[in-house]
1. What are the residue pairs meeting all of these: first residue in the range 29-43, first residue of a type outside the set (Asp, Glu), second residue modelled with pLDDT under 80 and assigned to a helix (DSSP H, G or I), Cβ atoms under 6 Å, and 6 or more apart or on different chains?
2. Of all residues in the range 47-81, which are exposed (fewer than 11 other Cβ atoms within 10 Å of the Cβ), among the charged types (D, E, K, R) and closer than 23 Å to Arg32 by Cβ?
3. When only residues in the range 15-62 that are assigned to a loop (DSSP other than H, G, I, E, B), charged (D, E, K, R) and more than 9 Å from the chain's Cα centre (by Cα) count, which is modelled with the highest pLDDT?
4. Which pairs have Cβ atoms under 9 Å, sit 6 or more apart or on different chains, and link a residue in the range 67-79 that is under 11 Å from Arg53 (Cβ atoms) to one that is of a type in the set (Ser, Thr, Tyr) and surrounded by 11 or more Cβ atoms within 10 Å (Cβ to Cβ)?
Amino acid sequence: MLCAKADRRPIVSAAPARCEFVDECPMFKYFRRIVEHIYRESFCEGNYEICARRRLRLSGQPVPANLLPHGGKLWEDHARPPEMWEVDD
């Protein structure tokens, strides 16, 4: 825990506890519940500042459907998703 030098009170972060885009993130439609839970806990409600999807969205850039929070891809760019992952929007 970080403390202010003068009085040793904890320094409290003003960052929200979860990513502001988690409830509308379209990435989750490609996952089963357990994988969705792992990603939500690891990125959306945890260390969301490092989410590649969030960084693109905050910078005003388009977010590819195949982009994972850690920067990996579900399928190759400019390809269709595998048939088992095709979903209706």
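The values are calculated or read from the model by the stated rules, or taken from the named source; none is laboratory data. All figures in this text were calculated on a predicted structure; none of them were measured in a lab. Using ideal geometry, Cβ is built from the backbone for each residue, glycine included, and neighbour counts are taken over all protein chains shown.
1. Tyr30/Trp85
2. Those that are exposed (fewer than 11 other Cβ atoms within 10 Å of the Cβ), among the charged types (D, E, K, R) and closer than 23 Å to Arg32 by Cβ: Glu76, Arg80.
3. Among them, the one singled out is Glu20.
4. As it stands, the answer is Leu68/Tyr39; Pro69/Tyr39; Pro69/Ser42; Pro69/Tyr48; His70/Ser42, since those pairs meet every condition given.
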